[in-house]
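Engineer: Once you've had a glance at the structure underneath, I'll fire off some questions.
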Amino acid sequence: MKRNMATIMVLMLAVLTLFGCSSSKSTSDDGVHIGILQYVEHQSLTAARKGFVDELEKEGYIDGDNIVIDYENAQGDQSNLQTISTNLIANNDLVLGIATPAAQTLANLSTDVPVLFTAVTDPVSAKLVDSMKNPGGIATGTSDMSPISKQVELLQKVMPNVTKVGIMYTTNERNSEVQVEEAKEAFAKAGIEAITKGISSTNDVQDTAKSLMSQTEVLFIPTDNMIVSAISLITELSKETKIPVVGGSADVVEQGVLFTYGANYEALGRQTAKLAIRILEGEDVSDVAAEYPETLNVVTNDEMAETLGIDLSSIENDTTESSSDTTETSTSASSSTTKTSSSSTSTQTSDSSSTNGWLDIVLSAISQGLLWSIMAIGVFITFRILDIADLSAEGSFPLGAASTAIMIVNGINPLIATIGGFVAGMVAGAVSGFMHTKMKIPALLTGIITLTALYSINLLVLGSANVSLAGQETLVTLMTSALNLSKLYAVILIGVIFVALVIILLVVLLNTQVGLALRATGDNIAMGEANGIKVDRMKILGYMISNGLIALAGSLLAQNNGYADMNMGTGTIVNGLASIILAEVIVKYLPLGKRLWSIVLGSILYRLVLVIILAMNVDAQMLKLASAILLALILYVPEIRNKLHIKPSKTLTPGGKD
């Protein structure tokens, strides 16, 4: 037996060695090998990649003819970056990293393979080059940084009386941080007050944008991958509040941003390809200066200008002198002006929406709380009734969003699509339940396995990292048109209807023979088995109901936000648990139906806590800490009650008893 094992191992090593030799980089038979690593699926980054490949082909470097292009996409996963980068460096003569994380990983791993980068805002700060003129290392490429001071100048031409600007950015994107620092300096120099707030996931966008719009006259956004993923939601809020959104990359203007001054990413990719050709023709990478964009566009949206009542004529013919020099302090630019749509109108409207700003924010928190409460009830099924810690929520939530979004985009009725999202979640729950009960995998590991698998499944369903529902018929648009309601009140109505429906059905189900068996399984599994209950079946049923409700919440939130995004599931389990625990802290001694309604209350209160934190203008980096402290104080209430000898009549039990 040992000899057989040894023989098999030797054969495996031989095969791996032959495979490694056959896949090693070569420039002989099939030409030069070029590896491309794109950090995440994103319109601007994809345009840069297209421009790079097209320019190479234009210059005679044709994929499949005299070069071989190996394209990989990390889908935003840092662990994927390491693995993919190692493989690309091992099998290519030149590698291109699109966006900062991809470029950094390639540059950190490469010792002799030249590294190109593009769509990197600050290559020096990212430690990719020593300086733009003298890279001094293994990497060079192009930055997508556009002068923020020019954005401020254009804003003052369009809105000469502006005094307060909001800035929203993603706190874990270095590119955004660099732009925000420059923006704060530029606005301060122009005598404009800037209020800055950060987000950590797309789930934070609505509340943060609404908070900023209630306090400022303009919302400025940097070139930010996460914000671009949710741009349709931001521009819808812009229409509702009459607060213009400016900045970002050129491609977001057609989605409702008023104007921007930024890089043309396809042109940036072509510019990067020219650097690649210099390296392929023998120039040392350390001698090839990194470059700023050669093409910067003033891009305006006249349709949005008409909606907001803003005159853009003062910037439509704005130009910048071209320069052939590439330096660290100036950008070489041939500026052009592009229009997304026709017609422009007259004067700027006043900030009449500021009066009801706080009311809108509170109502927004209520609408979000109602939708999120369905997810919290789903978490309650496994966490409290079955007494199982199921982590698959962070995969089931975007699964519901993805399934519904793709069905709506393909013309399916939004109600049927919403039910489809719920069913997709139930299927995911059935898989989790099977692994836990039949394969005897611990609950925590089951959740981790499921959410890991669902990442790829969600991407497969969506086809990209983000699918917009702009212009599509959703439950929200149906409700607004049918009842002539504003979007905010329509979402609240949808939330109330679905929450009531979910609670009524759950109360009925959990008081049937099957429901009582499910609750008994969570209370005492040994006693349940002794009484003839098929506990494995009950657990699978619980998993299915739980994940179905979580996916339903994702489906509804996707229709509310106007997009489905791969990152939507981040932090969902925390939101669910916080809602449940807040409810248990505040109210006691409740039967099942009222207990479920208390979770809805807890969910709304949790969203209101976040709104309060946002209203306190906490530093962006401290937002999560402030939220945690405030929640900790709220959760400290039971201990205070005990110390003051205020004893409740009855406490809520983990098993789900009434």
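The values are calculated or read from the model by the stated rules, or taken from the named source; none is laboratory data. All values derive from a computational prediction rather than experimental measurement. For neighbour counting, all protein chains shown are included, and Cβ atoms are generated from backbone atoms with ideal geometry for every residue, glycine included. Accessible surface is based on the protein model in full, side chains and every heavy atom, while ligands, DNA and RNA are left aside. Shrake-Rupley method; radii C 1.70, N 1.55, O 1.52, S 1.80 Å.
Engineer: Does Ile98 fit the bill of being closer than 23 Å to Glu283 by Cβ and open to solvent by less than 10 Å² (accessible area, probe 1.4 Å)? Walk me through how you get there before you give the answer.
Structural biologist: Numbers: closer than 23 Å to Glu283 by Cβ: yes; open to solvent by less than 10 Å² (accessible area, probe 1.4 Å): yes.
Yes; evaluated as a whole, the condition is true for this residue.
Engineer: OK, next. Identify, please: which residue in the stretch 390-419 is in a helix (DSSP H, G or I) and without any contact (Cβ under 8 Å) to a residue 60 or more places away in the chain and is, among those, surrounded by the fewest Cβ atoms within 10 Å (Cβ to Cβ)? Please lay out each step first, then the result.
Structural biologist: Narrowing the stretch 390-419 to residues in a helix (DSSP H, G or I): 393-409, 414-419.
From the residues that got through so far, the ones that are without any contact (Cβ under 8 Å) to a residue 60 or more places away in the chain too are 407, 416, 419.
Working: Met407: 21, Ile416: 12, Ile419: 15.
If we take residues in the stretch 390-419 being in a helix (DSSP H, G or I) and without any contact (Cβ under 8 Å) to a residue 60 or more places away in the chain, then Ile416 is surrounded by the fewest Cβ atoms within 10 Å (Cβ to Cβ).
Engineer: Which pairs turn up if I take residues in the stretch 488-513 that are touching a residue at least 12 places away in the same chain (Cβ under 8 Å) and farther than 30 Å from Lys239 by Cβ and look for partners that are in a helix (DSSP H, G or I) and open to solvent by 60 Å² or more (accessible area, probe 1.4 Å) with beta carbon separation below 7 Å, at least 6 apart in sequence or on another chain?
Structural biologist: Ile503/Trp597
Engineer: Does Thr452 satisfy the criteria of being part of a helix (DSSP H, G or I) and within 23 Å of Ile604 (Cα to Cα)? I'd like the intermediate steps shown before the answer.
Structural biologist: Values: part of a helix (DSSP H, G or I): yes; within 23 Å of Ile604 (Cα to Cα): no.
So Thr452 fails the test.
Engineer: Just to verify a result, which residue in the stretch 108-126, among those that are surrounded by 24 or more Cβ atoms within 10 Å (Cβ to Cβ), at negative phi and not in a loop (DSSP other than H, G, I, E, B), is nearest to the chain's Cα centre (by Cα)?
Structural biologist: Val120
Engineer: Out of Ser313, Ser342, Ser346, report the one residue that is open to solvent by 60 Å² or more (accessible area, probe 1.4 Å), more than 30 Å from Asp130 (Cβ to Cβ) and modelled with pLDDT of 50 or more. Quick ask: steps written out before the conclusion?
Structural biologist: Working: Ser342 fails: modelled with pLDDT of 50 or more; Ser346 fails: modelled with pLDDT of 50 or more.
Answer to the selection: Ser313.
Table: residues versus (1) buried (at least 16 other Cβ atoms within 10 Å of the Cβ); (2) modelled with pLDDT of 90 or more; (3) more than 28 Å from Val252 (Cβ to Cβ).
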site	(1), (2), (3)
Val461	yes, yes, no
Ala470	no, no, no
Leu483	no, yes, yes
Phe498	yes, yes, yes
Ile503	yes, yes, yes
Val508	no, yes, yes
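Engineer: Same structure, new question: I'd like to know if the stretch 579-596 contains one or more residues that are touching a residue at least 24 places away in the same chain (Cβ under 8 Å) and within 30 Å of Glu240 (Cα to Cα).
Structural biologist: yes
Engineer: Go through the stretch 174-192 and count every residue that is of a type in the set (Gly, Ala, Ser) and open to solvent by less than 10 Å² (accessible area, probe 1.4 Å). Reasoning before the result, please.
Structural biologist: Initially, the stretch 174-192 is screened for residues of a type in the set (Gly, Ala, Ser), giving 176, 183, 186, 188, 190-191.
Filter once more, so that each one left must be open to solvent by less than 10 Å² (accessible area, probe 1.4 Å): 176, 183.
Counting residues in the stretch 174-192 that are of a type in the set (Gly, Ala, Ser) and open to solvent by less than 10 Å² (accessible area, probe 1.4 Å) gives 2.
Engineer: Are there helices (runs of 4 or more DSSP H) fully within the stretch 215-301 with at least 2 residues that are more than 25 Å from the chain's Cα centre (by Cα)? List them. Steps first, answer last, please.
Structural biologist: On the way: elements: 225-229, 231-241, 265-280.
Fully inside the stretch 215-301 and qualifying: 265-280.
Engineer: From the list Ile195, Ile221, Ile234, pick out the single residue that is open to solvent by 10 Å² or more (accessible area, probe 1.4 Å) and at pLDDT 85 or above. Outline the logic, then answer.
Structural biologist: Values: Ile221 fails: open to solvent by 10 Å² or more (accessible area, probe 1.4 Å); Ile234 fails: open to solvent by 10 Å² or more (accessible area, probe 1.4 Å).
None of the others qualify; the one that does is Ile195.
Engineer: State yes or no: is Met568 open to solvent by 10 Å² or more (accessible area, probe 1.4 Å) and in contact with a helix residue (DSSP H, G or I) (Cβ under 8 Å, 6 or more places away or on another chain)?
Structural biologist: Working: open to solvent by 10 Å² or more (accessible area, probe 1.4 Å): no; in contact with a helix residue (DSSP H, G or I) (Cβ under 8 Å, 6 or more places away or on another chain): yes.
No.
Engineer: Mind telling me which of the residues Val158, Val152 ends up being touching a helix residue (DSSP H, G or I) at 6+ places or on another chain (Cβ under 8 Å) and either open to solvent by 10 Å² or more (accessible area, probe 1.4 Å) or touching a residue at least 24 places away in the same chain (Cβ under 8 Å) (or both)? Step through it out loud before you land on a result.
Structural biologist: Details: Val158 fails: touching a helix residue (DSSP H, G or I) at 6+ places or on another chain (Cβ under 8 Å).
None of the others qualify; the one that does is Val152.
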